[in-house]
Amino acid sequence: MKAIVVDKDYGSVTSEELARVAAAYAAAGIEVQLLEYQVSAAQQKEPTEDEIIAGCQGAQIILATGNPPITRAVMEALPELKFVQRFGAGVNSIDLEAAAELGVIVLNLPGFCAKELADVATAMIMSLIRNTSYYDREVRKGNWPKCQYLLPPDVRELTLGLYGFGLAGRHLHDIFHNGFGTKVISCDPYVSDMVRAQYPDVEFVSFDELITHSDIISIHVVLTPETTHVFNRDVFKRMKNTAMIINTSRGPVIDNDDLTWALQTGEILYAGLDTVEREPLPENDPLKALDNVIINPHCGSYGVGSKKTQIQMVCDLVPAAVTTGKVPARCVADRAVLAKKTGYEFV
């Protein structure tokens, strides 16, 4: 069998880690190759559909370290394709409906970096509230703005609103409710009754209640048509003028142009962004000029524990499927394929 890493230059996985994956695949009789495609050394770039199609002929497995376009056209042009393995949780660049229809099993890594995402959200929330990033920048410029800029509120008296109550949101709840005593509310119509029962202190509310009652909104959802640009100008108008928004999920959940407008006009007060709609952020993007914004280069999943889990899961999933015929159902992103005859047992 042949597996191809289609985005080796994306930057989230090292060459040493890819070598470890290749060794695990080789032990299962799978040859791993790296797709060569046009990429600028100064900027990450995903391969195009045509580059993937041309470079993956005869492959049974595609490995995606980033978010390459695994579209219907790509999968239809690769009739031998059996698996697409993401090195993360997000699968928004993969046509899951087409994959299931074509019998392609799309694997992701649910929850592999949940603690790390909660940690980076915490770091952003506290840095914005306490002005630490602003003060650091000013001191480095030669200034000494002692007890100036935004007057920090007491996080213990605020309401943290979680848009999505998956693992990362639950870890963030534990940090703020158990650590600070912060009130936590959440909007998640898909959360199970069992999870709700485990968090009796969390008030589950409508989206309208979330945006109007929260002092801090932290986003923990996958990117779908339902969540794309769900935070837009109309929503920012209804949020508190003192509100903060944190995004460690997917950039397009927030309309970044509308967010810039909201911050510039005072509709909301702060933003912490691990991910943005256009990555890398354009050189002259106005968000870069705002002091009440923290921007990271989409690295919330980066950490000792998450990297260990990430690479181990990738080393295990497809090789185990090939050697045993069994696939963990919780790691299958195109859920409709579970009902199809693929030659593999979902466990």
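Summary table below
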read-out: Nearest-20 debye value, segment 178-266 charge dipole, Cβ charges on Lys, Arg, Asp, Glu; value: 180
read-out: Carbon and sulfur %, accessible surface of segment 242-347 computed with the full protein complex present, 1.4 Å; value: 53
read-out: 28 Å Cα-Cα reach of residue 288 towards lysines, excluding residues that sit fewer than 8 places from it in its own chain; value: 45, 115, 141, 146, 237, 240
read-out: Ordering of 257-263, 247-253 by burial proxy (mean other Cβ atoms within 10 Å per residue, highest first); value: 247-253, 257-263
read-out: Carbon plus sulfur fraction of accessible area for segment 54-125, probe 1.4 Å, in percent; value: 51
read-out: Prolate/oblate/rounded label for segment 307-347 (Cα gyration tensor, a/c 1.5); value: oblate
read-out: Mean residue ellipticity (222 nm) of the chain, computed from DSSP H runs ≥ 4 via -39,500 (n - 2.57), nearest 500; value: -9500 deg cm²/dmol
read-out: Segment 277-316 - accessible surface per residue (Å², probe 1.4 Å); value: 57
read-out: Given charges at Cβ of Lys, Arg, Asp, Glu: the chain dipole, positive-most of 198, 314, 4; value: 198
read-out: Helix axis angle, 256-265 relative to the chain longest principal axis, alpha carbon, degrees; value: 10
read-out: Alpha-carbon radius of gyration plus Dmax, which is the widest Cα pair, for segment 118-181 in Å; value: 14.2, 43
read-out: Most positive-pole-ward Cα, 67, 294, 84, against dipole of the chain from beta carbon charges; value: 294
read-out: Size of electric dipole in the chain: Cβ of Lys, Arg +1 and of Asp, Glu -1, about Cα centre, debye, nearest 20; value: 780
read-out: Mean Cα-pair separation over length for the chain, i.e. relative contact order, pairs under 8 Å, 6 or more apart, %; value: 17
read-out: Probe 1.4 Å, protein heavy atoms only - accessible area per residue of segment 77-234 in square angstrom; value: 47
read-out: Net dipole in debye of segment 27-106 [+1 Lys, Arg Cβ; -1 Asp, Glu Cβ; about Cα centre; nearest 20]; value: 260
read-out: Cα lying deepest toward the dipole's positive end in segment 153-280, options 177, 160, 253, charges on Cβ; value: 177
read-out: Three-way shape call for segment 177-284 based on the alpha-carbon gyration tensor, with the a/c threshold at 1.5; value: prolate
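The values are calculated or read from the model by the stated rules, or taken from the named source; none is laboratory data. Note that the coordinates shown come from a computational prediction; the quantities given were computed from them, not determined experimentally. Using ideal geometry, Cβ is built from the backbone for each residue, glycine included, and neighbour counts are taken over all protein chains shown. Heads up: the accessible areas ignore ligands, DNA and RNA and are worked out on the full protein's heavy atoms, side chains in. Shrake-Rupley method; radii C 1.70, N 1.55, O 1.52, S 1.80 Å.
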